[in-house]
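*Asks:* Once you've had a glance at the structure underneath, I'll fire off some questions.
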Amino acid sequence: MAPATDAGWTGAPPVWHVSGETRAADEESDSPGWDAGRVRECDAMDGGRRPLWQEETKVRRRMADPVRTAAVRAVIIVAVTLIQAMVAFLCTLARSWFAFPAVLCTVASTVVATWAVLDVWVTRQVWVQRHGVRSEPSSTARELRRERREARRRERQRPPEEPARTDRAAA
């Protein structure tokens with residue numbers, strides 16, 4: 001065990017298994033207390049298996065302007081409501097005269113905050129309904145619709161078959 005330092009660190013630093021890119025960058029660093037042997041030990045224990053998952057950065061589309069505006073407004077209102085609730089609580093503990101009006105304002109702000117959060121949801125739904133959702137070209141649903149449309153076109157273009165001629169006398 002190493003002696004305690006000024007920062008309160010005792011013992012060897014813990015070693016975690018990290019991905020190859022991070023490990024290579026860390027092995028080159030000159031951080032104090034780095035034990036490269038323990039990392040190689042960890043690699044040997046790994047057995048060359050793949051990691052459980054790989055992070056893929058997916059680009060998130062930007063929120064629509066009206067939805068973003070409603071969301072910012074809702075966050076501000078909810079933050080003010082939480083501050084009011086804290087003030088009301090502390091005034092109640094202090095048995096201040098301001099506790100009763102603060103509680104009333106907090107109740108009113110809670111109603112307004114609920115309305116603001118619902119406004120974000122409604123604004124998003126309205127925007128999606130008016131402007132639609134962009135579907136990806138590789139969408140399975142789009143491909144199935146295309147196949148069904150082509151089948152219907154082929155059915156319409158096929159000449160109608162003549163009705164089977166039966167002997168009227170026999171019928």
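The values are calculated or read from the model by the stated rules, or taken from the named source; none is laboratory data. Predicted, not measured: the structure shown is a model, and the values here were computed from it. So basically every Cβ, Gly included, is an ideal-geometry build from the backbone, and we count neighbours across all protein chains shown. What goes into the accessible areas is simple: the full protein's heavy atoms, side chains included, and nothing from ligands, DNA or RNA. Shrake-Rupley method; radii C 1.70, N 1.55, O 1.52, S 1.80 Å.
*Asks:* Could we say that residue 127 is open to solvent by 100 Å² or more (accessible area, probe 1.4 Å), among the hydrophobic types (A, V, I, L, M, F, W, C) and modelled with pLDDT of 70 or more here? Don't jump to the end; show me each part of the working.
*Replies:* On the way: open to solvent by 100 Å² or more (accessible area, probe 1.4 Å): no; among the hydrophobic types (A, V, I, L, M, F, W, C): yes; modelled with pLDDT of 70 or more: yes.
Here the answer is no, as residue 127 does not meet what is asked.
*Asks:* Restricted to region 134-162, and to residues that are under 29 Å from residue 70 (Cβ atoms) and either open to solvent by 100 Å² or more (accessible area, probe 1.4 Å) or in contact with a Pro (Cβ under 7 Å, 6 or more places away or on another chain) (or both), which residue is modelled with the highest pLDDT?
*Replies:* Residue satisfying both the conditions and the ranking: 134.
*Asks:* Hey, could you check region 83-106 for residues that are surrounded by 14 or more Cβ atoms within 10 Å (Cβ to Cβ) and aliphatic (A, V, I, L, M) and say which is farthest from residue 128 (Cα to Cα)?
*Replies:* 99
*Asks:* Follow-up. Considering each residue of region 107-124, count those that are open to solvent by 40 Å² or more (accessible area, probe 1.4 Å) and not charged (D, E, K, R), and give that number. Outline the logic, then answer.
*Replies:* Keep residues of region 107-124 that are open to solvent by 40 Å² or more (accessible area, probe 1.4 Å), which gives 107-108, 110-112, 114-115, 117-119, 121-122, 124.
Narrowing the set further to residues that are not charged (D, E, K, R) leaves 107-108, 110-112, 114-115, 117-118, 121-122.
Adding up the residues that qualify gives 11.
*Asks:* Answer yes or no: is there a residue in region 23-36 that is at pLDDT below 95, open to solvent by 100 Å² or more (accessible area, probe 1.4 Å) and among the hydroxyl-bearing types (Ser, Thr, Tyr).
*Replies:* no
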